[in-house]
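One structure below.
The values are calculated or read from the model by the stated rules, or taken from the named source; none is laboratory data. Source: prediction; values computed, not measured. Glycine also receives a Cβ, built like all others from the backbone with ideal geometry; neighbour counts cover every protein chain displayed.
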């Protein structure tokens, strides 16, 4: 069964040689049975969106099965819009993520408006970090305000995953990504409420063990067809990729 991991990082591993270049990332993915992945630059996330996203662009351009998610900052608006306009037109960048000063901090619409308005013309999905209920609430507000943009809740609310399912249930442009807590109840619960077409597999590697993230899907009490959609087909459709 093919797998597309929509949540994987360039850099950030404490183990030397892991997740620091295309060859190392592809080798790790292949060992775990993952065919393709969308990468996020930790340098762009924590240091500089300009240089971090440009380095990521240079790397994914040389890698057939690796794609990028451009990271922008609510506290670096000018630099974020500059790199957005420079790189987002590339077919190798499948989505844009917005982050704040701290990973746990909700991204509020009022501080993200300028970036969001610059992004609308690209007609690509938006990724929002949702490690808790407060972040889900803020992402829900953005999804309602920008109903033409498909919004992916990265981390699915963490321990507050029920709030993420509720948000997706009431707002049809919200998609859920499976990383976050490894709670075996959350995936069947999401499928029961939403069906399978708005749930996407993501590991959060290298900070998270890919095998554990895969196990959450593989060991779940859902059908083989549902697993195929979550692990691969939904990402292919959402990001407009060929089979």
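Of all strands (runs of 3 or more DSSP E) completely enclosed by the stretch 41-153, which ones contain at least 1 residues that are closer than 24 Å to residue 169 by Cα and either at pLDDT 95 or above or touching a helix residue (DSSP H, G or I) at 6+ places or on another chain (Cβ under 7 Å) (or both)?
Working: elements: 66-73, 93-99, 126-129.
Of the strands (runs of 3 or more DSSP E) lying wholly inside the stretch 41-153, those with at least 1 residues that are closer than 24 Å to residue 169 by Cα and either at pLDDT 95 or above or touching a helix residue (DSSP H, G or I) at 6+ places or on another chain (Cβ under 7 Å) (or both) span 93-99, 126-129.
Taken as a whole, the structure leaves residue 106 outside the set of residues that are closer than 22 Å to residue 36 by Cβ, in contact (Cβ under 8 Å) with a residue 24 or more places away in the chain and crowded, with 18+ Cβ neighbours inside 10 Å.
One line per residue, one yes/no per condition, for (1) in contact with a strand residue (DSSP E or B) (Cβ under 7 Å, 6 or more places away or on another chain); (2) at negative phi; (3) in contact (Cβ under 8 Å) with a residue 12 or more places away in the chain:
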| residue | (1), (2), (3) |
| --- | --- |
| 101 | no, yes, yes |
| 143 | yes, yes, yes |
| 156 | yes, no, yes |
| 175 | yes, yes, yes |
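Determine whether residue 232 is surrounded by fewer than 23 Cβ atoms within 10 Å (Cβ to Cβ) and under 23 Å from residue 2 (Cβ atoms).
So residue 232 fits the description; yes.
The single condition among (1) in contact with a strand residue (DSSP E or B) (Cβ under 6 Å, 6 or more places away or on another chain); (2) crowded, with 24+ Cβ neighbours inside 10 Å that residue 161 does not satisfy is (1).
Is there a residue being at pLDDT below 95 and assigned to a loop (DSSP other than H, G, I, E, B) anywhere in the stretch 154-170? Looking through the stretch 154-170, none of the residues is at pLDDT below 95 and assigned to a loop (DSSP other than H, G, I, E, B).
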